Amino acid sequence: MIERFVGKNDFLSNFYECTVTYDGVTYLSTEAAFQAQKTEDNEMRKGFALLTPSDAKKLGRKIKLRSDWEDIKLDVMYGVCKAKFVQHPELAVKLMATGNEELIEGNNHGDKYWGMVGGCGENYLGRTLMRIRNEIRGFDAAKTTVDIIQWIREYFEENGSPVTKAVIGISGGKDSSICAALCVLALGKERVIGVLMPQGEQADIDCSKNLVKVLGIDSVEVNIADAYNGLMNELSKSINISQQAVINTPARLRMTTLYAVAASVKGRVVNTCNLSEDWIGYSTKFGDAAGDFSILSDLTVTEILGIGDYLQLPYALVHKVPIDGLCGKTDEENIGFRYSDLDNYIRGFEDFKDNVQLKAKIDIMHNQSRHKVEPMPKFKLK
């Protein structure tokens with residue numbers, strides 16, 4: 001994680017001094033190029049051309065904003081930042097060298113829109129830079145988002161009616177948040193139902209409720225604690241319950257719940273697994289690995305975060321650190337390596353010749369978990 005754009009990472013800052021040509025005018029920095037777009041007066045824009053980043057920002061606070069500024073400012077920031085890295089390949093190389101690190105524009109001047117203060121904020125500048133990094137690498141979040149939306153529509157046209165609903169488990173994390181948002185864009189919020197499934201008290205249930213509110217979708221809450229406890233109590237009368245059963249049973253009960261809801265509203269269950277977790281088997285067979293259609297299973301975590309940022313979903317939901325809900329460990333602590341490293345390996349950006357142990361671990365986990373994603377083997381009558 002890169003938390004501030006200073007020192008060796010100062011090139012990420014809009015205050016980094018390098019020429020940027022945007023809409024026919026050459027500026028001394030992306031800050032000046034950005035501030036200049038606040039007006040539609042071409043002569044006034046030219047006045048920003050030779051200003052330092054600091055002076056450009058000061059002037060930008062004084063001019064009368066164009067009427068559509070709030071609607072276009074994110075696109076403008078993307079445009080000037082993209083121009084910076086396209087026009088300066090040496091900076092693009094440095095951006096790529098940040099790998100899959102989360103880029104956070106931490107600051108002390110209170111900007112929680114473009115950056116973050118004390119870990120809070122929407123970090124739209126950081127998200128813009130990560131989007132550009134993905135595009136340089138070859139992943140286009142905008143195009144992929146459009147393609148997914150069209151694919152969802154086609155799936156429902158072929159496997160339902162104009163009122164068939166998408167039923168999705170809402171955990172409040174990146175996968176369910178992004179899947180739900182994509183379904184809303186594809187089908188409309190009236191055809192998406194979120195299902196919250198805490199097991200007793202859930203510390204982060206507010207994240208799930210916030211997502212439902214942000215998307216404006218209907219939701220139901222089903223607490224699986226009694227069902228889980230009842231099943232475990234009955235099992236314990238006949239068998240010594242393994243830790244694996246303790247871990248996997250809640251996920252399977254949640255999937256049973258989703259299918260019960262889907263059957264009741266004539267819906268289709270959304271699978272929210274991603275390629276990174278499927279690759280190493282970090283899912284529960286017939287639990288979260290089940291579903292009627294899968295939106296993200298061909299995308300890595302890094303790519304999914306890019307879509308979430310492109311959709312402008314709340315930063316706290318898209319970049320929420322996933323925790324298993326059992327022992328308090330993060331998912332990365334449980335699997336023993338970072339998703340960013342796994343994603344680089346999956347996409348061939350890194351071969352880990354200098355870290356053969358990590359490569360071997362990933363390969364072993366991949367080979368041992370194929371049964372979770374491949375069709376069930378069946379005997380074929382000759």
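The values are calculated or read from the model by the stated rules, or taken from the named source; none is laboratory data. This structure is a prediction, so every number in the text was calculated from the model and none was measured. Ideal geometry is used to build each Cβ from the backbone, glycine not excepted, and the neighbour counts take in all protein chains shown.
On the stretch given as segment 305-328, residues that are at negative phi and at pLDDT below 75 total 5. Listed conditions (1) surrounded by 13 or more Cβ atoms within 10 Å (Cβ to Cβ); (2) within 25 Å of the chain's Cα centre (by Cα) are all met by GLU31, apart from (2).
To keep it simple, each residue is scored yes or no on (1) in a loop (DSSP other than H, G, I, E, B); (2) surrounded by 16 or more Cβ atoms within 10 Å (Cβ to Cβ); (3) not assigned by TED's automatic domain parsing to the domain that holds GLY172.
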site: ALA289; (1), (2), (3): yes, yes, no
site: LEU305; (1), (2), (3): no, yes, no
site: GLY308; (1), (2), (3): no, yes, no
site: LEU317; (1), (2), (3): no, yes, no
site: TYR345; (1), (2), (3): no, yes, no
site: GLU350; (1), (2), (3): yes, yes, no
site: ASP354; (1), (2), (3): yes, no, no
site: ASP363; (1), (2), (3): no, no, no
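Residues in segment 75-119 that are part of a loop (DSSP other than H, G, I, E, B), without any contact (Cβ under 8 Å) to a residue 60 or more places away in the chain and surrounded by 19 or more Cβ atoms within 10 Å (Cβ to Cβ): TRP114, GLY115. Whenever a residue of segment 226-253 is among the small types (Gly, Ala, Ser), its partners that are assigned to a helix (DSSP H, G or I), lying with C-beta atoms within less than 7 angstrom and at least six residues away or across chains, give the pairs ALA227/LEU253. Restricted to segment 136-147, and to residues there that are in contact (Cβ under 8 Å) with a residue 40 or more places away in the chain and either in contact with a Gly (Cβ under 8 Å, 6 or more places away or on another chain) or not basic (Lys, Arg) (or both), the residue that is farthest from LEU187 (Cα to Cα) is ILE136. The number of residues in segment 1-16 that are of a type in the set (Val, Ile, Thr) and either under 14 Å from ASN108 (Cα atoms) or in the same structural domain as PHE85 (by TED's automatic domain parsing) (or both) comes to 1. Take SER242 and tell me if it is within 24 Å of LYS372 (Cβ to Cβ), loosely packed, with under 12 Cβ neighbours inside 10 Å and hydroxyl-bearing (Ser, Thr, Tyr). In short, yes. Consider GLY281 carefully, then state whether it is of a type in the set (Gly, Ala, Ser), surrounded by fewer than 21 Cβ atoms within 10 Å (Cβ to Cβ), over 22 Å from ILE193 (Cα atoms) and within 25 Å of the chain's Cα centre (by Cα). The answer is yes for GLY281. Screening the candidates ASP298, ASP292, ASP363 for the property of being closer than 28 Å to LYS143 by Cβ and without any contact (Cβ under 8 Å) to a residue 24 or more places away in the chain yields one hit, ASP298.
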